[in-house]
Amino acid sequence: MFKKRFVRNTFSVMAAATVALTAVAPSAAAVTQPEPDTELNKENIKQPLSVKSAKKLKDGVRFDLGTHTATISIFAGDLAKVSLLQKGEKERPSRALAKKDWGTPSFKAIDTPLKYIIKTDELIIEVKKDTFGVKFMDKAGNVINEDYMKYGSGYENDKPFVFKKTQKDEAFYGFGEQAGLNLNQRGHEIGMWNTDAYAYNKDTKYLYTSIPFFMGLKNDKAYGILFDNTNRSYFNMAQESDDYYYFYANDGSLTYYFMNGPEISDVLDRYTDLTGKAEKPAAWSLGFHQSKWGYTPEEIVNVAKTYKEKNIPLDTMHFDIDYMDGYRVFTWNKEQDYLGALKQVKDMGLNAIAINDPAVKVDENNITYKEGTEKDYWAKNPDGTNFVGEVWPGDSVFPDFSKPEVRDWWAKKHNTLFDAGIDGIWNDMNEPAVFDGPYHTMPLDVEFGEGANKMKHTEYHNLYGHDEAEATYNAFKLYKDNQRPFVLTRDMYAGTQRYAALWTGDNVSNWEHLQMSIPMNANVGLSGVAFVGNDIGGFAQRPTAELFARWIQVGALLPFARDHYDSDAKSEVKVGQEPWQYGQQVEDISRKYIELRYQLLPYLYNAFVKASENGAPVQQPLVYQFQDDENTYDISDQFMFGDNLMAAPVVEEGQTSRQVYLPKGENWVDYWTGKEYKGGQTITRQADLETMPLFVKKNTITPMREVQQQTDEKPLTNLVLDTYVDREATYTFTEDDGATYDYKDGEFNETIFTVKKKLGKIEFKQEKTVEGYEDSKLASYTLKLNGAAAPRSVKGGSMKYAAAKSLADMNEEAGTYFYDKNTKKLYVHIPVDEDQKVTIK
Ligand code: GLC
């Protein structure tokens, strides 16, 4: 019936060793790479394209280039699409785009002998006629970005390419998930081809996710480019020359979107208008997650219980591939009682996530296989037979997710998981990984889609995970009506943030990986994906106690925080990787930082609310907020956790102090000691194993709450407003049920807090801008003023607040305050309905 089309190559032998779970030391396992890069041959770029005629259209301008047609479409004043196609060729509808209908703003088109000029209210786009080249300028005529005219843009054989001019100090960010220790991608050669890169390292070129989007930052101003091409693509970011950079793809059409900043935040906002904003997440998914490949049902239960016994907060246990019946997707193991374990986990009040892989076992008794075969839903060989390749279950077929009906069917199949009580789905192996395929995936001529939508694997590859994520997301719409989905994926394309969160695959328990995770997540965040995390402690191998302690400090501040590790069969060290496996000291460190995360949950949730509104990353590189400060451009070992907190973790073995750069223009307060520093300097901070240097940006309010053992253990009754102010601080706080879409019907509260300090007086004000969340249990705030002097009086309007004898007493009663003279902190307990200003003198 089915026959194998290829023999194993060296790569697949490696991978097959992985399947067999032989005790291969991961360090010995090669990182899978795709077939060698296709070079762009500049010798072949001989026939420059020139404009023969131009025509103004309703939504842009079309240029006749003889053999080709170029179109510049105006989506918004600061957003244009450039496409250059062979005459008669049609673009495929983009899978990246969320918003297709932009309603073109008014623009001017001016034809002159040498150039054609398009003017929007924000951009001037100048098209040089001979030879064809595009230049983007701001309103004042400053060049933002322009083609590098020696090579320009076009096709080399079938490879679409664009060369752009650059200058020495232009920095580049984004590109989704990239290895390496640098945030700034200038000087890098980047490739996009989703690859199962088990145990990758800092030099691995191809990782799991491809987001062909980047930003350029020069003269303090940023722009973005999305090269919307799903084929394997390449970005040479001034690695070859300081004068230019270029990008190209193996095939497909030349289409890119240009968006102007000038702020990085503007670029991201636009980019996520175009490709979609991530929805507000389910609050529980922001808690801590624990996972291992190879947990038995008993271990899952025991690990969850141990978290409880040891009072280490936890929200979610993950179920890796062993819960299935012989790795058949949408089934449950008949020999080992994972269903029982799931029930116990749920009874403890925890959430559960199940892994789900695309490969469907070839087996007549496998119902998913039978259904999909009857309906003819599998990816095909060129001769029309189903493609068969090996993954965990052995010989498998692969859903053709490019077809909407296959995505619908796949979504429907999730009832076996949801009915059993599973809350979230984890999509893995969706490169797709094929152990015995050439270069660890399907042959490039495998086919997807039908008729005009037919695509070869070479074109569809980078979209496979994207479409699977959409199908999985839709499963929630089907079965968990009005519940916010949680989908975790290993593979993305531009826009996948609409459906899923990302984890960065099979990292390794070593220092290099801990270091690398910071710039990696930052660039993922600058590519529209705020919900990102790395396996805490490292997946392959096992960390030392010191490494685990340092990793959990970073891990507690990851947007997605999961401790996950590799099967014992693949590690020389067999001990577990839970927080209590390294002795009391590291257990206490783990508790301290996970508790900090749980105290910060209102703040973290609100950072995600902002991401859903304007695409802002949650884990931000410093340059995101401080692009006027060039010292931040290359900082790869510090990050902002939301808008207010800056982490400077220790990421080197044996280190007990480190240098910390404090960005210009702000003052910074050491979170642990309260010591204040002026921005624009580098300081040395002691950092024993207990301490991750953490700084608060001055003039900020950070909403916090009491520690809980899981996110919904207790209702939010008191919100702590952790405030550092010497002028004025404001914060917009959103509260909703954290679980459903009712906020879309207005069921949320929004309050703007303002704290002003002037002439020895501090004023607190709350302004309730939206009051739609009737189930709110919020009764009071604790305004916590750090670095405060002892007050003479505290009043709400003209009502005097009483001084409490202790913090505990103050907590008992709203309308009271407590001053701790040792720590210089003033706590004021304010009822939530205090509509007068609270004045502190
Ligand atoms: C892949 C995943 C890893 C998972 C394992 C078994 O290696 O990346 O997270 O544990 O497969 O399912």
Positions within segment 173-211 being outside any loop (DSSP other than H, G, I, E, B), of a type in the set (A, V, I, L, M, F, W, C), within 26 Å of residue 511 (Cβ to Cβ) and within 18 Å of the chain's Cα centre (by Cα), in sequence order = none
Going through (1) over 17 Å from residue 638 (Cα atoms); (2) within 25 Å of the chain's Cα centre (by Cα); (3) hydrophobic (A, V, I, L, M, F, W, C) one by one, residue 720 fails only at (2)
Give the residue that is farthest from residue 337 (Cα to Cα), with candidates limited to residues of segment 296-317 that are within 16 Å of the ligand (Cβ to nearest atom) and either crowded, with 24+ Cβ neighbours inside 10 Å or among the hydrophobic types (A, V, I, L, M, F, W, C) (or both).
-> 316
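Looking at segment 178-216, which of the residues that are of a type in the set (D, E, K, R) and surrounded by fewer than 24 Cβ atoms within 10 Å (Cβ to Cβ) is farthest from the ligand (Cβ to nearest atom)? Break it down stepwise before answering.
Taking segment 178-216 as the starting set, the residues that turn out to be of a type in the set (D, E, K, R) are 186, 189, 196, 202-203, 205.
Next cut, surrounded by fewer than 24 Cβ atoms within 10 Å (Cβ to Cβ) only: 186, 189, 202-203, 205.
Values: 186: 30, 189: 25, 202: 19, 203: 20, 205: 19 Å.
That would be 186.
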Filter segment 332-367 down to the residues that are away from the ligand (no atom under 14 Å from the Cβ) and β-branched (Val, Ile, Thr), then identify the one that is farthest from residue 406 (Cα to Cα).
-> 345
State yes or no: is residue 602 under 20 Å from residue 735 (Cα atoms) and either within 16 Å of the ligand (Cβ to nearest atom) or outside any helix (DSSP H, G or I) (or both)?
-> no
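Please state which one of 581, 553, 541 is within 16 Å of the ligand (Cβ to nearest atom), under 25 Å from residue 292 (Cα atoms) and modelled with pLDDT of 95 or more. Explain how you work it out, then say what you get.
Details: 581 fails: within 16 Å of the ligand (Cβ to nearest atom); 553 fails: within 16 Å of the ligand (Cβ to nearest atom).
Going through 581, 553, 541 in turn, just one is within 16 Å of the ligand (Cβ to nearest atom), under 25 Å from residue 292 (Cα atoms) and modelled with pLDDT of 95 or more: 541.
Any chance segment 401-418 includes a residue that's within 16 Å of the ligand (Cβ to nearest atom), modelled with pLDDT of 95 or more and either of a type outside the set (D, E, K, R) or out of contact with any Lys or Arg (no Cβ under 6 Å at 6 or more places or on another chain) (or both)?
yes
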Return only the number of the condition from (1) away from the ligand (no atom under 16 Å from the Cβ); (2) among the acidic types (Asp, Glu); (3) in contact (Cβ under 8 Å) with a residue 12 or more places away in the chain that residue 481 does not satisfy.
-> (3)
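Is it true that residue 475 is open to solvent by less than 10 Å² (accessible area, probe 1.4 Å), within 16 Å of the ligand (Cβ to nearest atom) and out of contact with any Leu (no Cβ under 6 Å at 6 or more places or on another chain)?
On the way: open to solvent by less than 10 Å² (accessible area, probe 1.4 Å): yes; within 16 Å of the ligand (Cβ to nearest atom): no; out of contact with any Leu (no Cβ under 6 Å at 6 or more places or on another chain): yes.
Considered against the rule, which asks whether it is open to solvent by less than 10 Å² (accessible area, probe 1.4 Å), within 16 Å of the ligand (Cβ to nearest atom) and out of contact with any Leu (no Cβ under 6 Å at 6 or more places or on another chain), residue 475 comes out as no.
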Tell me, please, whether a residue that is in a loop (DSSP other than H, G, I, E, B), at pLDDT 95 or above and more than 16 Å from the ligand (Cβ to nearest atom) can be found in segment 324-331.
-> no
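Considering only residues that are in a helix (DSSP H, G or I) and more than 29 Å from residue 69 (Cα to Cα), which ones fall in segment 238-288? I'd like the intermediate steps shown before the answer.
Going through segment 238-288, the residues in a helix (DSSP H, G or I) turn out to be 264-275, 283-286.
Scanning segment 238-288 gives 264, 265, 266, 268, 269, 283, 284, 285, 286.
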Residues of segment 506-538 being among the charged types (D, E, K, R) and within 13 Å of the ligand (Cβ to nearest atom), which ones?
-> 506, 535
The one condition residue 555 fails out of (1) open to solvent by less than 10 Å² (accessible area, probe 1.4 Å); (2) without any contact (Cβ under 8 Å) to a residue 40 or more places away in the chain; (3) over 17 Å from the mean Cα position of the chain (by Cα) is (3)
Please verify whether segment 249-256 includes one or more residues that are open to solvent by 30 Å² or more (accessible area, probe 1.4 Å) and either touching a residue at least 40 places away in the same chain (Cβ under 8 Å) or within 16 Å of the ligand (Cβ to nearest atom) (or both).
-> yes
Those residues of segment 268-280 which are open to solvent by less than 10 Å² (accessible area, probe 1.4 Å) and either closer than 15 Å to residue 345 by Cβ or not aliphatic (A, V, I, L, M) (or both), in sequence order = 271, 272, 275, 276
Condition test on residue 562, is it open to solvent by 10 Å² or more (accessible area, probe 1.4 Å), out of contact with any Leu (no Cβ under 8 Å at 6 or more places or on another chain) and within 16 Å of the ligand (Cβ to nearest atom)?
-> no
Which residues, counting only those in segment 794-841, are outside any loop (DSSP other than H, G, I, E, B), open to solvent by 60 Å² or more (accessible area, probe 1.4 Å) and touching a residue at least 24 places away in the same chain (Cβ under 8 Å)?
-> 795, 799, 811
If you take the residues in segment 488-505 that are on the phi < 0 side of the Ramachandran plot and away from the ligand (no atom under 16 Å from the Cβ), which one is nearest to the chain's Cα centre (by Cα)?
-> 497
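The values are calculated or read from the model by the stated rules, or taken from the named source; none is laboratory data. No experiment lies behind these values; they were computed from the predicted model shown. Note that each Cβ is placed from the backbone with ideal geometry, even for glycine, and that neighbours are counted across all protein chains shown. Accessible surface is based on the protein model in full, side chains and every heavy atom, while ligands, DNA and RNA are left aside. Shrake-Rupley method; radii C 1.70, N 1.55, O 1.52, S 1.80 Å.
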